[in-house]
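Below you will find the structure I want to go over with you.
The values are calculated or read from the model by the stated rules, or taken from the named source; none is laboratory data. Predicted, not measured: the structure shown is a model, and the values here were computed from it. Cβ placement follows ideal geometry from the backbone for every residue including glycine, while neighbour counts extend to all protein chains displayed. The area values use the complete protein model at the heavy-atom level, side chains included, leaving out ligands, DNA and RNA. Shrake-Rupley method; radii C 1.70, N 1.55, O 1.52, S 1.80 Å.
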Amino acid sequence: MADYNFREAEKKWQAFWESSQTFNAKIDPSRTKFYALDMFPYPSGAGLHVGHPLGYIASDIVTRYKRLQGYNVLHPMGYDSFGLPAEQYAIQTGQHPAVTTEENINRYTQQLKNIGFAFDWEKEVRTSDPTYYKWTQWIFMQFFNSYYDKKEDKAQAIDGLMKAFRENGNQGVEAVCDEETPSFSAGEWKSFSEKRQQEILLRYRLAYLAETTVNWCADLGTVLSNDEVKDGFSERGGHPVERKKMMQWSMRITAYAERLLKGLEKLEWSEPIKEMQRNWIGKSIGAEMVFQVKDQEVKIKVFTTRIDTIYGTTYLALAPESELIDQLVTKEQKETIENYILTAKNRSERERLSDVKTISGAFTGSYAINPFNNEEIPIWVADYVLAGYGTGAVMAVPAHDERDYNFAQHFGLEIRQVIEGNLDQGSFPGKGGTIMNSDFLNGLEMQDAMVKAIGFLEENQIGKGKIQYRMRDAIFTRQRYWGEPLPVYFKEGVPYLIDEKDLPLVLPEVDKYLPTEDGAPPLGRAKNWTYKTDDGEYPLELSTMPGWAGSSWYFFRYMDPGNNREFVNKDIQAYWEAVDLYIGGAEHATGHLLYSRFWTKFLYDRDLVTVNEPFKKMINQGMIQGRSNFVYRIKGTNQYVSYHLKDSYETTAMHVDVNIVYNDHLDLDKFKAWRDDLAGATFILEDGKYICGAEVEKMSKSKYNIVSPDDVIERYGADTLRLYEMFLGPLEQFKPWNTNGIDGVFKFLKKLWRLYHDQDGKLDVSEETPSREELKILHKTIKKTEEDMNDYSFNTSVSSFMICVNELSSLKCNKKAILEPLAIIISPYAPHIAEELWSLMGNDRSIVNASFPQFKADLLVEDVHEYPVSINGKVRVKLPLSISLSKEEIEKAAMENKVVQKWLEAKTPKKVIVVPKKIVNIVI
RNA sequence: GCGGAUGUGGCGAAAUUGGUAGACGCACUAGACUUAGGAUCUAGCGCCGCGAGGCAUGGGGGUUCGAGUCCCUCCAUCCGCACCA
């Protein structure tokens, strides 16, 4: 029997789309724009596996649907092509990362084109391309040339700040800057040397160089950002990471903390991702206050969210790293403290985190004065206090904080209750409660007590209300080769930007991709890595930018990728605005997704783009995991026993290549040919078959469970792959790849093809007018497709296509008036066969230019049926398919329904109540 | 510990958002057809029962004429954060 030749058809249409530039987007103010974006991939050496395209298929379906609705669609694809794996590979093989990256990109592109995506390849970007990173460097320069103006609550040009310094010094300036920035007058500013002025400006710049505590990964030879470290190990490769102080470039993202937090409210993102960003930003509202140390000139600043419990403070605790300890420790306690700090330091970061239960600490011997009641309270050192948060010191209120309570219990310190309620062990009055034992705060509720206590602090100038964020500034340098060079040179140890006309600052050649012998980054190996200015030749920065630099603005570059005068033309950007739908994994929640928002807000502040959020709506597709297959070798033999019989033997499970297993049945011949040592394998079968065991694991080469989309396409075609990935289940869910069901969707396509072909494979289409029944089948499907598109339920849409074709098939319907609209509605999902069908119906333009058909409600109202008969004097009528009808239409349809009419023969209804969209109540 | 999510046949999953639970697909069973295919078609397929019927959406309780869906509670699994004062 003749069958659908998907190989030929798919190649033909892919070539057609490419040659006719079907998907190339152009600005068209007469049409509404729609910008759909996928998180661009890092082109790894392993190529695409079937998990990668999941999100791309979803966005492709949406964009093809939007096109049918008349939207002007931008749907680009590109590559995040700077990164560690290419560099590690270069270290091992000596091959230039640019070469392997290029090869990988070519392979990825070929694989993506095979799936028939409606990407606008003209807009492709690659972050490692000098024409691209020229603008990454340019944007960095804008950060360097900006400061954060607190009055205006936005970033401003640094020139304005310099002007203010010249006129008034920095007293009146409200700008985000480093903590210890000294204050100076206009006269002092003018008297400063150039070097001194630059050093001060550096404390205000949004990209700045400073000594920072960083996550240093010795094995990778680079620093990592907080989101690249998991439990004290590097996210990539799992190498140990230590905290270390180093000179590093940073981005002042903390200046944007509040706006990043606020902006989340309006975004249509999934709640978990928003929550993760909120936690990462970590806003706490509280107060900062100063304790005077008794008999000394030392002050201790603490941050607390519970200033209302100030009268319950019975000790202060400092982080072991605190610089104050030296001054505070008394002679008697010196040895104890020194020993303690030593042990605390020797406990690695990881131990400290995982071993929360061990309580340790030491008394300094000194006392602080609580300014509220002039009580003397002991000052301790405790490693539950973190140096990196707040001021690195806490006021401990054991009665109302669990950690303070445990610490006080352990060392026998006083526990003083200041909130009414039962103070059982381990149960702490949380948010509410009336204050007691607290002098002028007595009788107040928490909120009022806080306000009054802060008032006291401010009156006496010993503190103030303060908002504290957990988020740190983002380290912006990596000691690696394969990244964007920073456009910075050093004069007298002070950083300066290179001239804009010298961009891009192209990555230099090096002999090896390793650090230099004296520990400098790989760029230290480059010859002539210097910058010439009128007054001399200066060394260039040796570090490169982190991976997230290029990916923090690529969504703008797609709009205007060829522009060599601007990073994006502002009119073009104003048309496309921002991304309407962003699809990608949830793993970038606190990395890429936060940095992109930060950069967008900055570019917005500097009037370079018209939007302040990059991604309006986002869907996080679930990962597709691998499904490994196993064979069971009888120990000491070359004999393999089928899954259900294995318990009768002593066996070892062995991973087997999933590509030679079908529906868990092993292909014996292919198995023997798989590896040399298996050529003589024998089998114990069940029912003549060898059944393999299976397990869900991550896809990886070593587990032989990688399924390449190329193989699936070779056997079933791209449309089947697309349909099947959608059919697997809800997009956002994690699920294992399992080819067991793929025959189902493959059959659907064959069945569809047979609808319009006769037994000999000749086209067989009728021009007859369709019956009401046939129309109903079609319009039911149109409706379902529309509804599913609104909530991204692609899996149920595929089901509805199957039902539609099954029903048409049983009616032997081959009418053009049905098939033509059917082709349109399935075209987002299975574009190749749809395009083929569309052209067979005599259309000479691509189906992409068709209009999505409108469903006819009147066809569907007939499905009215009654349920249940009567309750409380009401008849309820259910209208399953009439959801978008008007109230009157539903009412009319219900009243005309045969069952209802029959039921109402004897009785006249007093009132008909329509519950919108659902049920009709007829009261009698 | 805190926060978030999920829990439905042998399997992937539906359920018009409070209205016939299990659509659709896989697997399985029986049959048909045949130049024997990893092809196609027809029928069956939650559990118990010969049957009528009964029981079923992680467990228990509640609201309701009616609960997979809402409320309370417990259990399990997954994900994120984790001495953040």
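If you rank A:675, A:236 by how much accessible surface each has, with a 1.4 Å probe, what is the order from largest down?
A:236, A:675
Spin-label point model (7 Å from Cα, Cβ direction): what's the residue A:637 to residue A:772 distance in nm?
6.9 nm
Next question, about the same structure. Hey, what's chain A come to in accessible area per residue, 1.4 Å probe, Å²?
46 Å²
Sticking with this one: Give the residue from A:529, A:814, A:645 lying farthest towards the positive end of the charge dipole for chain A; charges sit on Cβ (+1 for Lys and Arg, -1 for Asp and Glu) and the dipole is referred to the Cα centre.
Most positive-ward Cα: A:814.
Can I ask one more? How large, in percent, is the carbon and sulfur part of the accessible surface of the range A:177-253 at a probe radius of 1.4 Å?
With neighbouring chains kept in place, the figure for the range A:177-253 is 45 percent.
To the nearest 10 square angstrom, what accessible area does residue A:195 show with a 1.4 Å probe?
Here the residue's solvent-accessible area equals roughly 80 Å².
Put +1 on the Cβ of every Lys and Arg and -1 on every Asp and Glu Cβ in chain A; which of A:717, A:377, A:176 then has its Cα farthest towards the positive end of the dipole?
It is A:717, whose Cα lies furthest towards the positive end.
Order the following by accessible area, largest value first: A:249, A:753. Probe radius 1.4 Å; ligands, DNA and RNA are ignored.
A:753, A:249
Using packing as a proxy for protection, rank A:503-510, A:37-44, A:744-751, A:481-488 so that the peptide with the highest average count of other Cβ atoms within 10 Å comes first.
Final packing ranking: A:481-488, A:37-44, A:744-751, A:503-510.
Now a separate question. When the accessible area of the range A:498-559 is computed with all protein chains present and a 1.4 Å probe, what percentage of it is carbon and sulfur?
Carbon plus sulfur share of accessible area: 48 percent.
Exactly which trypsin sites (Lys or Arg not before Pro) in the range A:542-585 are in a DSSP loop and have at most 15 other Cβ atoms within 10 Å?
A:565
Any idea what angle helix A:816-826 forms with the longest principal axis of chain A, computed on alpha-carbon atoms, 0 to 90 degrees, nearest 10?
20 degrees
Under a Cβ-only charge scheme (Lys and Arg +1, Asp and Glu -1), can you give me the dipole magnitude of chain A about the Cα centre, in debye to the nearest 20?
In debye, rounded to 20, chain A gives about 2180.
Further question on the same structure: For residue A:152, what is the net charge nearby, where nearby means another residue's Cβ is under 10 Å from its Cβ and Lys, Arg count +1, Asp, Glu -1?
Net local charge, residue A:152 excluded: -1.
By its C-alpha gyration tensor, with a ≥ b ≥ c as the square roots of the eigenvalues, how is chain A shaped: rounded for a/c under 1.5, else prolate for a/b larger than b/c, else oblate?
The shape class here is prolate.
How much accessible surface does residue A:305 have with a 1.4 Å probe, in Å² rounded to 10?
About 60 Å², rounded to the nearest 10.
Among A:539-550, A:169-180, how do they line up from the highest to the lowest mean number of other beta-carbon atoms within 10 Å?
A:539-550, A:169-180
Now for a different question. Helix A:271-281 versus the longest principal axis of chain A: what is the Cα-based angle in degrees, 0 to 90, to the nearest 10?
That helix lies at roughly 20 degrees to the long axis.
Angle between the Cα long axis of helix A:158-168 and the longest principal axis of chain A, 0 to 90 degrees, nearest 10?
Here the helix axis deviates by roughly 30 degrees.
Report the charge-dipole magnitude of the range A:646-801 in Debye, nearest 20, computed about the Cα centre from +1 at each Lys and Arg Cβ and -1 at each Asp and Glu Cβ.
160 debye
Say the dipole of the range A:45-111 comes from +1 at the beta carbon of Lys and Arg and -1 at that of Asp and Glu; which of A:83, A:95, A:51 then lies farthest toward its positive end?
Sorting the options by dipole projection puts first A:51.
Let me ask something additional. Just to confirm my numbers, what's the Cα centroid distance between the range A:374-418 and the range A:253-318 in Å?
Using only Cα atoms to place each centre, the spacing works out to 17 Å.
A further question on this structure: Under the rule of -39500 (n - 2.57) per DSSP H run of 4 or more residues, summed and divided by the residues of chain A, what mean residue ellipticity at 222 nm is obtained, to the nearest 500 deg cm²/dmol?
That comes out to -10000 deg cm²/dmol.
Not counting ligands, DNA or RNA, and with a 1.4 Å probe, what is residue A:438's accessible surface area in Å² rounded to the nearest 10?
Roughly 0 Å² of residue A:438 is accessible to a 1.4 Å probe.
Calculate, in nm to one decimal, what residue A:373 and residue A:499 gain on full extension: separation in residues at 0.36 nm each, minus their alpha carbon distance.
39.4 nm
Here's something else I'd like to know. Given contacts defined as C-alpha pairs under 8 Å and at least six residues apart, what's the relative contact order of chain A, whole-number percent?
Averaging sequence separation for qualifying contacts and normalising by length gives 13 percent for chain A.
Moving on. Determine which residues of the range A:788-825 fall in the zone a paramagnetic label at residue A:16 would reach in this model, i.e. backbone nitrogen under 14 Å from the point 7 Å along Cα→Cβ.
Label zone hits: A:823-824.
From the protein chains alone at 1.4 Å, what is the descending order of accessible area for A:233, A:456, largest first?
Listed by decreasing accessible area, they come as A:233, A:456.
Follow-up question, since we're still on this one. Might you report the magnitude of the Cβ-based charge dipole of the range A:744-796 about its Cα centre, with Lys and Arg at +1 and Asp and Glu at -1, to the nearest 20 debye?
240 debye
Could you estimate the translational diffusion coefficient of the range A:259-322 from the Stokes-Einstein equation, with Rh from the Kirkwood formula over C-alpha pairs, at 10 °C and 1.306 mPa s, in whole µm²/s?
Roughly 105 µm²/s, to the nearest whole number.
To two decimal places, what compactness ratio does the range A:551-665 give when its Cα radius of gyration is scaled by 2.2 N^0.38 Å?
Here the answer is 1.94, to two decimals.
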